[in-house]
Amino acid sequence: MRIAIIGPGAVGTTIAYELQQVLPHITLLGRTNKSIHFQPANQHIIVKDIKSMTDPFDVIIVAVKTHQLESLVPDLNRLTHDETTIILAQNGYGLRSTLPFKYVYQAVVYISGQKKDDEVIHFRDYRLHIQHDRRTEQLKHYLEHTKIELILEDHIETTIWYKLLVNLGVNSITALGGNTAQILKIPEVYQLCTRLLEEGKQVAMAEGITLPDTIVEDIMHIYAGYPDHMGTSMYYDVINHQPLEVEAIQGFIYRKARTHHLSTPSLDTVYALLRSHHSLSIQY
Ligand code: NAP
């Protein structure tokens, strides 16, 4: 099986490195030929220029940021055959249906790491949650001796919405507040975060997603366990003037709220302000 991982960042490099330890024909693709220094393994991983590749792959794991996906479509056209499985290893939702390919799966990513220039540090976890079917069952079997664990879900939408809500709360407040997780100690921010989660929960329910009644308290409890100095990806993107994955997270939930005619004042405000950060970053 020929497997490509597109996006030599924190998630993509971790997946490629772990698959290469056990399996043949694993290729990490990026914008240019280079090597990435991968920590804590202290290994160099080869990255191939995606434009130089012509032969199709059987499985492609896409680990670029959500706003970087659209420009990949011509490459995906060239690198897929009729039976290629494409896995979106990204946060957010709503992009699967924009891709003109037959077997596209949205994964929920629990792999944590950070990229700086050509160095990637993996912090923890190796899990991709994905819809259970015959195809993903075969892939899980193929990966079983690697550290990358495919968790097969009967209702992936529930897992996707859970992660969307986790990202909605803490990503929004840390990015807009310009502060790490300690921002939750400010009572007004804590309240705003709770309201965002309550609005997100209403949207999820309108979408037919079954979540525990205590989902808001549960997620606030998870945030309470975050170390004060912990930033979120959106927080780092704002302070580094990088584009934000706002359309796939807050924007996706916002548009669903409009479809269901729900009132989501906190989400509307947060989404508008994050869009402003996003458009400023593009001008940089
Ligand atoms: P990242 O470190 O920014 O990596 C993205 C990589 O994709 C970069 O190396 C980028 O290259 C490359 N890329 C962009 N456009 C490309 C193209 N057209 N062709 C080839 N390569 C391209 O991002 P990440 O942190 O791994 O995140 C990937 C996804 O996983 C995001 O949706 C994120 O929200 C999600 N996620 C991340 C974590 C985490 O801890 N990092 C955890 C859970 C979920 P350049 O550097 O040249 O732009």
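The values are calculated or read from the model by the stated rules, or taken from the named source; none is laboratory data. Treat the numbers as computed from the prediction; the structure is a model and nothing was measured. A quick note on method: Cβ atoms are made from the backbone with ideal geometry, for glycine too, and the neighbour counts reach across all protein chains shown.
Things worth noting here:
- Restricting attention to region 199-243, the residues that are among the hydrophobic types (A, V, I, L, M, F, W, C) and farther than 21 Å from A175 by Cα add up to 7.
- Counting only helices (runs of 4 or more DSSP H) that sit wholly inside region 97-209, those with at least 1 residues that are small (G, A, S) are 156-177, 187-206.
- One residue from E217, E247 being modelled with pLDDT of 95 or more, charged (D, E, K, R) and more than 18 Å from the chain's Cα centre (by Cα): E217
- Among the residues of region 1-32, the one identified as within 6 Å of the ligand (Cβ to nearest atom), surrounded by fewer than 24 Cβ atoms within 10 Å (Cβ to Cβ), part of a loop (DSSP other than H, G, I, E, B) and touching a residue at least 60 places away in the same chain (Cβ under 8 Å) is G9.
- Residue that is nearest to the ligand (Cβ to nearest atom) [pool: residues in region 119-134 that are in contact (Cβ under 8 Å) with a residue 40 or more places away in the chain and surrounded by 15 or more Cβ atoms within 10 Å (Cβ to Cβ)]: V120
- Listed by first and then second residue, the pairs with beta-carbon distance under 6 Å, at least 6 apart or on different chains, first residue in region 57-72 and more than 17 Å from Q242 (Cα to Cα), second among the charged types (D, E, K, R) and in a loop (DSSP other than H, G, I, E, B), are F57/R2; D58/R2.
- Condition check for H37: within 15 Å of the ligand (Cβ to nearest atom) and in a helix (DSSP H, G or I): no
- V59 meets the conditions (1) within 8 Å of the ligand (Cβ to nearest atom); (2) surrounded by 15 or more Cβ atoms within 10 Å (Cβ to Cβ); (3) not aromatic (F, W, Y) in every case but one. The failed one is (1).
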